[in-house]
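Okay, so here's the structure we're looking at.
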Amino acid sequence: EIVRDLLHSVTWLEVRGIAFSISAEMQLLRVMSSSFAKKITFRQTLLTDATVPEMVSILEDMPKLVELELIDCRLLGTGQWEMQIQANQSQTLRVLTIETLSIEEFYLFTDLQTVQGLLFLFTRVTVRNTKVFLVPCRISQHLLSLEYLDLSANLLGDQSLEHSACRGGWPSLQTLNLSQNSLGDLEMTGKSLSHLRNLIVLDISQNNFGEIPDVCEWPKPLKYLNLSSTHIPKVTTCIPPTLEVLDVSANNLKEFGLQLPFLKELYLSKNQLKTLPGATPIPNLVVMSVRRNKLNSFSKEELESFKRMELLDASDNNFICSCEFLSFIHHQAGISQVLVGWPLVFLVILILVAVGYKYHAVWYLRMTWAWLRAKRKPKRAPPKDICYDAFVSYSENDSNWVENIMVQELEQACPPFRLCLHKRDFVPGKWIVDNIIDSIEKSHKTLFVLSEHFVQSEWCKYELDFSHFRLFDENNDAVILVLLEPIQSKTIPKRFCKLRKIMNTKTYLEWPIGEEQQQMFWFNLKIALKS
């Protein structure tokens, strides 16, 4: 019935932490067949060979379903599904995401022939960290509309990639992510993918290629190639000349001298470079990152050659710079950003943090938020909502006097006063800010029991922090100050400026030692509470 209520309102349904072991358990989602949800996520869910066909049957019938996610799920079985699955009605499903799917017997899993009829409409498929070691050729050939494929953090090797990217497979693919797999032969990787006539973006980072040949085959339209963290010791003409973006960060490169006439962005961070690449072979370069290399200076000729660039990131190198050199960077080279000042930025941030701490910047931000929240509510609750004669703010060290003397005196008076104490009347589990604001709003007065303990108490400071704006945004008559012991107004934190002002300008009640004066104290306090 809960699911039925959501049919025509929810656009994204997440099913979390449920075990679907037998097909009957999946039937509770059968009502979703008429749902208008566009996305459904199964998170930390258990599926079996018996329930997968039922799930797909339900999803097929959902008229507007576009995206399906399985995150941190378990699948018990090997894909031997009892019923044939065909895409008879699902004409809307386009995006499939599977992340960290645990299949205990993944090495016995079938070729998924039963689901290939579902695949021809998918445009984006992500299968990450799921121990995929092979995509059957028939499956690849049925992914006719696929434009984006992410198979990162899996077990694909050189031979299995060749089979997965077979002729006729992934004909519309534009973006392919094979990072963090088991690829080891760069030449074979390029050759396996060379027939993909629409492939523009290829990420094969974090594979262990090691060596790099002089000649490779690549898809002709390839414009983006990520070879970072692949243990290549050099770059050769294996790199396709059609590239516009190349990332070879985190390798062991000592030089870069390729001719790449169309290259616009080059990422060379975390290498062993001692000099900048030549500008002539890469005439269209506009962005270059050479962070964390072994550069120690730029020559005037090097900077002049890169004067057209929009961004040169050369931070975390051991530069030897002069004022004339930095002036040349800004006025001659025309480079808009040279990121060599991280220590200075860190120092500025450290100074700002110190200044903010000294002048209570965090406190003011917290107070502004509390004030804005309080402002949204009426300044005073309606008379019918007033539950207490006074909200009492006091230090735990003064609790003996408050609870055993003041509370007894006031709550046993005739007529009795109704007092709100945090340890007794705050709603358990409710946010402390809401408890404080609600208690103040529902109280006729707010009574502060001031003492040295109060000023030093973290609890009282916390309580004052979140009630300060609310209390003093109104008429001062709502506040009653009781001095349990002599206290100087200057000992109150400076940021509670209005409280300090009230102590200097308004009469407050002081607890006397003598019993005769105490009777007058209670009389005056009761008059103040009734006013």
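General observations
- Set Thr237, Thr230: member being part of a loop (DSSP other than H, G, I, E, B) and buried (at least 16 other Cβ atoms within 10 Å of the Cβ): Thr230
- Residues of segment 407-423 that turn out to be within 19 Å of Thr446 (Cβ to Cβ), open to solvent by 20 Å² or more (accessible area, probe 1.4 Å), assigned to a helix (DSSP H, G or I) and without any contact (Cβ under 8 Å) to a residue 60 or more places away in the chain, as a count: 3
Here's the yes/no breakdown for (1) assigned to a helix (DSSP H, G or I); (2) open to solvent by less than 30 Å² (accessible area, probe 1.4 Å); (3) modelled with pLDDT of 90 or more:
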{"residue": "Glu14", "(1), (2), (3)": "no, no, yes"}
{"residue": "Glu25", "(1), (2), (3)": "yes, no, no"}
{"residue": "Thr41", "(1), (2), (3)": "no, yes, yes"}
{"residue": "Leu59", "(1), (2), (3)": "yes, yes, no"}
{"residue": "Gln80", "(1), (2), (3)": "no, no, no"}
{"residue": "Gln91", "(1), (2), (3)": "no, no, no"}
{"residue": "Val115", "(1), (2), (3)": "yes, yes, no"}
{"residue": "Phe120", "(1), (2), (3)": "no, no, no"}
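- Tally of residues being out of contact with any Lys or Arg (no Cβ under 7 Å at 6 or more places or on another chain) and surrounded by fewer than 17 Cβ atoms within 10 Å (Cβ to Cβ) across segment 27-39: 5
- Cβ-Cβ contacts under 8 Å between residues 6 or more apart (or on different chains), taken from a first residue in segment 146-157 that is under 24 Å from Leu93 (Cβ atoms) to a second residue that is among the aromatic types (Phe, Trp, Tyr) and crowded, with 19+ Cβ neighbours inside 10 Å, are listed as Leu146/Phe122; Leu146/Trp170; Leu149/Trp170.
- The set of residues in segment 209-227 that are surrounded by fewer than 18 Cβ atoms within 10 Å (Cβ to Cβ) and either on the phi > 0 side of the Ramachandran plot or not hydrophobic (A, V, I, L, M, F, W, C) (or both) comprises Gly210, Glu211, Pro213, Asp214, Glu217, Lys220, Pro221, Tyr224.
- Complete set of residues in segment 240-263 that are free of Cβ contacts under 8 Å to residues at least 24 places away in the same chain and outside any loop (DSSP other than H, G, I, E, B): Val245, Leu246
- When the helices (runs of 4 or more DSSP H) confined to segment 425-531 are screened for residues that are buried (at least 16 other Cβ atoms within 10 Å of the Cβ), modelled with pLDDT of 75 or more and over 37 Å from the mean Cα position of the chain (by Cα), those reaching at least 3 such residues are found at 452-456, 515-530.
- Candidates Ile335, Ile329, Ile405, Ile351 - the one that is modelled with pLDDT of 85 or more and under 30 Å from Asn317 (Cα atoms): Ile351
- Residue under evaluation Gln272, criteria (1) within 18 Å of Lys234 (Cα to Cα); (2) open to solvent by 40 Å² or more (accessible area, probe 1.4 Å); (3) within 37 Å of the chain's Cα centre (by Cα); (4) at pLDDT below 90, criterion not met: (4)
- Residue check for Asp214: free of Cβ contacts under 8 Å to residues at least 40 places away in the same chain and among the acidic types (Asp, Glu): yes
- Condition met for Glu69 (closer than 18 Å to Lys131 by Cα, out of contact with any helix residue (DSSP H, G or I) (no Cβ under 9 Å at 6 or more places or on another chain) and buried (at least 18 other Cβ atoms within 10 Å of the Cβ)): yes
The values are calculated or read from the model by the stated rules, or taken from the named source; none is laboratory data. Only a predicted model underlies this, so the values are computations on that prediction, with no experimental measurement involved. Every residue, glycine among them, receives a Cβ derived from its backbone with ideal geometry; neighbour counts consider all protein chains shown. Keep in mind that these areas ignore ligands, DNA and RNA; they rest on the heavy atoms of the full protein, side chains included. Shrake-Rupley method; radii C 1.70, N 1.55, O 1.52, S 1.80 Å.
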